[in-house]
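The values are calculated or read from the model by the stated rules, or taken from the named source; none is laboratory data. All figures in this text were calculated on a predicted structure; none of them were measured in a lab. Here the Cβ positions follow ideal geometry from the backbone for every residue, glycine too, while neighbour counts run over all protein chains shown.
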Amino acid sequence: MSAFESLPPHGPNGSIEVIAGPMFSGKTEELLRRVRRAVLAKQAVQIFKPERDDRYAKLEVVSHDDTRMQARPVSDSSALEAAVSHEDVIGVDEVQFFDDGIIDVCNRLADRGIRVVVAGLDLDYRGCPFGPMPLLMAHAEYVTKLHAVCCETGGRAHFSFRMSDGDGVVQLGGTAEYKALCRAVYNKVYVRDHVQGTKAGEETGKAAGENARSK
Ligand code: ADP
Ligand code: MG
């Protein structure tokens with residue numbers, strides 16, 4: 001039994017649950033697992049995803065091991081709120097891509113009695129907190145941090161390392177572009193590939209060698 005399942009069952013009051021972690025840590029799998037259980041309990045459920053994430057399917061949420069469920073793409077947090085009507089449970093995948101309005105939207109939906117389950121990357125590839133995630137985690141009743149398997153050591157991976165070049169922090173990708181790394185390996189390869197190579201310095205406006213994560 002997971003720590004989450006040992007919590008009291010949901011009553012009439014809404015709540016916010018955040019599932020956070022690096023790429024490949026099983027956030028989408030866990031989101032879908034919770035949503036499936038709500039479906040079994042005959043609750044009205046709707047999954048949302050940001051429109052920009054069309055990597056695997058436009059109208060589905062898909063995990064890296066191909067678990068999938070139907071989802072409604074929305075352009076921003078206002079569109080998401082407008083699309084919610086009678087649901088008992090809503091799921092949101094890739095919530096880090098939403099605008100900051102998503103924090104108030106999640107709170108308003110939870111205040112209405114809806115169970116709001118969101119999954120997202122806690123850190124970007126530079127190791128900086130990602131978009132609305134820090135505040136979502138602060139407002140949530142329940143926070144679950146997941147870890148992937150480090151591609152180098154087999155240990156617990158907390159970081160998503162971007163292997164490919166690209167512009168900006170947001171770059172959609174999968175195993176070809178990103179790999180999960182533990183702290184020790186991430187620190188070594190990030191400094192080698194991004195800080196010494198000045199990529200991180202350019203993107204964060206910080207001098208090479210300065211810790212981009214303190215942003
Ligand atoms: P996330 O949403 O956190 O990116 P997913 O739920 O989509 O993760 O995918 C999790 C699945 O990814 C795992 O069950 C496993 O099959 C696969 N996977 C691929 N690479 C890794 C890795 N390095 N560590 C853990 N799982 C991985
Ligand atoms: Mg995912």
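Scanning the range 27-66 for residues that are within 15 Å of ligand 2 (Cβ to nearest atom) and in a loop (DSSP other than H, G, I, E, B) gives R52, D53, D54, R55, Y56, A57, S63, H64, D65, D66. Could you tell me whether any residue of the range 162-173 is farther than 27 Å from Y56 by Cβ and either modelled with pLDDT of 95 or more or out of contact with any helix residue (DSSP H, G or I) (no Cβ under 7 Å at 6 or more places or on another chain) (or both)? No - not one qualifying residue is present in the range 162-173.
V62 passes every criterion in (1) surrounded by 14 or more Cβ atoms within 10 Å (Cβ to Cβ); (2) at pLDDT 95 or above; (3) within 26 Å of F24 (Cβ to Cβ) apart from (2).
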